[in-house]
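Only one structure is covered here, and it is reproduced in the block below.
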Amino acid sequence: MLNQLHKQLQQSDLLPVGSKIIVAVSAGVDSVTLLHLLHNLAHVYGWQLAIAHYNHGLRADATKDAVLVGDLANDYGYPIYVGKYDGSDFSEAALRKARYDFFESLRKDLGFDYVATAHHNGDLLETAIFNTIRGADREGMVSLKPKRGNIIRPLLNFTKPEIIVFANLQGLPYREDSTNDDLSYSRNLVRNIILPHGSAMFRDFHHKMNGRLARLTDVNKRISAGLSRLAEGLVSYEDARSIEINAESFNQLPDSIKASLLVFLIKRLKPVHGLARKNVISAVQFMAGSRAGDHHHLPGGLQVVNTYGTFVITSEPGEFSSPSENKLHILSAEKPFSNPMFRLYLTDDKQKGVRVPAQKLYIRYRQPGDKLKPVGMQGTKKLQDIFVDAKVPRHLRGYWPIVVNASNEILWVPQLAQDRRFFEADADQYHYLSCEVI
C-alpha cells in the first residue's frame with residue numbers, strides 16, 4: 001500500500017515536495033493508516049507534518065480517542081492540535097462544518113498548505129449514493145475529489161478492506177467509532193445497509209460503480225468546458241465578489257441550460273457553495289420575469305440583481321443599494337475616505353499621488369448632470385459617458401467616489417478621469433491624492 005501511494009503521488013501533483021501538511025486523525029483505522037503512510041513518505045518528499053484531532057462530543061469515551069492520537073503524535077514526533085465541538089446542533093451537517101472550520105482555521109494559523117483527510121474509495125461510493133438520494137446534481141454525485149481547495153484525500157483509490165489489512169499487518173493501534181453503527185445518521189444507512197446489499201446482489205458492484213463515476217467525472221469536465229465557453233459570450237464583468245451577465249442573452253437560453261449556467265457561475269464565486277434544485281429553479285424564474293432594480297436572494301448570502309439590461313450574481317448585496325451616507329466627506333490627512341470599493345487619502349508621495357491645487361477637498365457620490373473636462377480631451381464629457389466608456393458595471397457606479405471642490409466641481413474620478421482645469425493649473429501649493437482599490 002505504501003508503494004502504491006508513492007507511485008500515485010509521483011504521477012500527480014496532489015502533495016508536492018516540501019508541502020506543509022496537517023493530517024486529520026480521528027483515531028480510526030483510516031486516519032491512523034493515513035498518518036503512518038505519510039510519515040513513512042515524509043522524508044522522501046520533504047514534507048512537514050502536524051496532527052489535528054477533533055472531538056465532536058458525541059461519545060463518552062471520546063477522550064480515549066484523543067489519548068491514542070496524542071500517543072501517535074508522540075511516537076512519530078509531530079505536534080498535535082485538538083479541537084472540540086461546543087455547539088448545540090449535532091446534525092451531520094453542523095458537525096462536519098465545525099470540523100472543517102477547525103481544520104481550515106488551524107491551517108491558516110500555522111501557515112500550512114494542506115489538510116489531509118483519510119477518505120477512501122468506500123467513502124467515494126457512499127457520497128455518490130448519499131448525494132443522489134438527496135437530489136444532488138451531476139457534480140454532487142462526484143463531489144468527493146482527491147483535491148478540493150486545501151483539502152487533500154490521498155486514499156480515495158484504496159478500499160476499506162485494503163486499509164484494515166494493511167493496518168493490522170503493520171500492527172497499527174486504532175479505535176472503532178461506535179457512532180458508525182448508529183442508523184439514525186443517514187450516512188450510516190448508506191454505509192451499513194445500501195452498500196453491503198449492493199455488493200451482495202450485484203456482481204462487481206464496487207468496480208462498476210467506480211467506472212460509472214469515473215465516466216461521470218469526465219462528462220462533467222466536458223460540460224463545464226462547454227459552459228465556460230458559453231459564459232465567455234455572456235459575462236461582461238467579473239471580480240471576486242460579483243459576476244455580471246447580459247440579461248437578454250441569458251433569457252434566450254433553454255431553461256435547462258440557464259439552470260446549469262447559473263450553477264456554474266455561482267460556483268465560480270463560491271466553489272463550495274451548494275444549491276438545492278428548488279433554489280436554482282426559483283432564481284431562473286426570477287431572471288425571466290424580473291424588472292430593473294429587482295433583487296432575488298439565494299442561500300449563502302448570494303443575490304441575483306436585475307441592473308438595467310444585466311443580471312449580477314453577487315456575494316456582496318450591499319453594493320446594490322444606494323450608499324446610506326449621502327453627505328459630503330471632507331478629505332484631510334487625518335480623515336481619509338473609504339467605502340466597500342475604495343480608500344482615498346492625502347499622501348506626501350508625489351510619485352503615487354494625483355496632484356491638484358491646494359484647496360478644501362470633498363468626496364461625494366455621483367449626481368444627475370455630473371460632467372468634467374477630462375485631461376487629453378477637448379470640451380466637456382458627462383460622467384455617465386465616462387463610466388460607459390470605461391465599462392464600469394452599472395451596479396458599481398453608485399459607489400464610485402467623486403473628488404470635488406467647494407464649488408462642487410469635479411476634480412478627479414479615481415481610476416478613470418481628471419479634470420484638466422485643475423490638473424494642469426499652476427499653484428503655489430498642491431495636494432497629492434492617492435487611491436487604493438479594496
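The values are calculated or read from the model by the stated rules, or taken from the named source; none is laboratory data. Every value quoted in this text rests on a predicted model; they were computed, and no experiment measured them. Ideal geometry is used to build each Cβ from the backbone, glycine not excepted, and the neighbour counts take in all protein chains shown.
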ask   = Of all residues in segment 244-256, which are at pLDDT 90 or above and within 23 Å of the chain's Cα centre (by Cα)?
value = ILE245
inquiry  = Suppose we keep only residues that are under 19 Å from LYS270 (Cβ atoms) and of a type in the set (Asp, Glu) within segment 234-254. Which one would you say is surrounded by the fewest Cβ atoms within 10 Å (Cβ to Cβ)?
reply    = ASP239
ask   = Hey, among ALA118, ALA128, which residue is crowded, with 17+ Cβ neighbours inside 10 Å, closer than 30 Å to GLY18 by Cβ and either in contact with a helix residue (DSSP H, G or I) (Cβ under 8 Å, 6 or more places away or on another chain) or among the small types (Gly, Ala, Ser) (or both)?
value = ALA118
ask   = Quick one: is ASP71 of a type in the set (Asp, Glu) and part of a helix (DSSP H, G or I)?
value = yes
message = Residues that are of a type in the set (Asp, Glu) and under 29 Å from ASN306 (Cα atoms): does segment 361-384 have at least one?
response = yes
Close pairs from segment 106-131: first at pLDDT 95 or above, partner of a type in the set (Ser, Thr, Tyr) and in a strand (DSSP E or B), Cβ under 6 Å, at least 6 apart = LEU106/TYR81
ask   = Given the structure, is ARG138 in a loop (DSSP other than H, G, I, E, B) and assigned by TED's automatic domain parsing to the domain that holds GLY18?
value = yes
query = Out of ARG175, ARG212, ARG203, which single residue is within 29 Å of the chain's Cα centre (by Cα) and either modelled with pLDDT under 85 or of a type in the set (D, E, K, R) (or both)?
reply = ARG212
query = With ASN150, ASN168 as the choices, which residue is within 26 Å of LEU227 (Cβ to Cβ) and modelled with pLDDT of 90 or more?
reply = ASN150
ask   = Here are some conditions: (1) surrounded by 16 or more Cβ atoms within 10 Å (Cβ to Cβ); (2) closer than 15 Å to ARG138 by Cα; (3) within 20 Å of the chain's Cα centre (by Cα). ALA231 meets all but one. Which one does it not meet?
value = (2)
task = Residues being modelled with pLDDT of 90 or more and small (Gly, Ala, Ser): count how many of those fall in segment 410-432.
result = 1
inquiry  = Condition first: of a type in the set (Asp, Glu) and closer than 21 Å to ILE164 by Cβ. Now tell me which residues in segment 1-48 satisfy that.
reply    = ASP30
remark   = Note: among SER26, SER12, SER31, just one is touching a residue at least 60 places away in the same chain (Cβ under 8 Å), within 22 Å of ASP113 (Cβ to Cβ) and loosely packed, with under 13 Cβ neighbours inside 10 Å, namely SER12
query = Just a yes or no: is a residue in segment 12-24 in the same structural domain as TYR85 (by TED's automatic domain parsing) and over 16 Å from ILE152 (Cα atoms)?
reply = no
ask   = Which pairs do you get when a residue that is farther than 15 Å from LEU331 by Cβ, found in segment 408-420, comes within reach of a residue that is among the charged types (D, E, K, R) and modelled with pLDDT of 90 or more, reach meaning Cβ atoms under 7 angstrom, with the pair 6+ apart or on two chains?
value = ASP419/LYS373; ARG420/LYS373
ask   = Given ASN306, ASN339, which one is in the same structural domain as TYR430 (by TED's automatic domain parsing), at pLDDT below 90 and crowded, with 17+ Cβ neighbours inside 10 Å?
value = ASN339
ask   = For residues in segment 391-409 being surrounded by fewer than 14 Cβ atoms within 10 Å (Cβ to Cβ) and under 30 Å from the mean Cα position of the chain (by Cα), which is modelled with the lowest pLDDT?
value = GLY398
message = On the basis of being modelled with pLDDT of 95 or more and hydroxyl-bearing (Ser, Thr, Tyr), does TYR78 make the cut?
response = yes
note = Residue hits (segment 42-58; in a helix (DSSP H, G or I) and crowded, with 16+ Cβ neighbours inside 10 Å) are ALA42, TYR45
task = Among the residues of segment 95-110, write down those that are surrounded by 13 or more Cβ atoms within 10 Å (Cβ to Cβ), farther than 17 Å from ILE152 by Cβ and over 15 Å from the mean Cα position of the chain (by Cα).
result = LEU95, ALA98
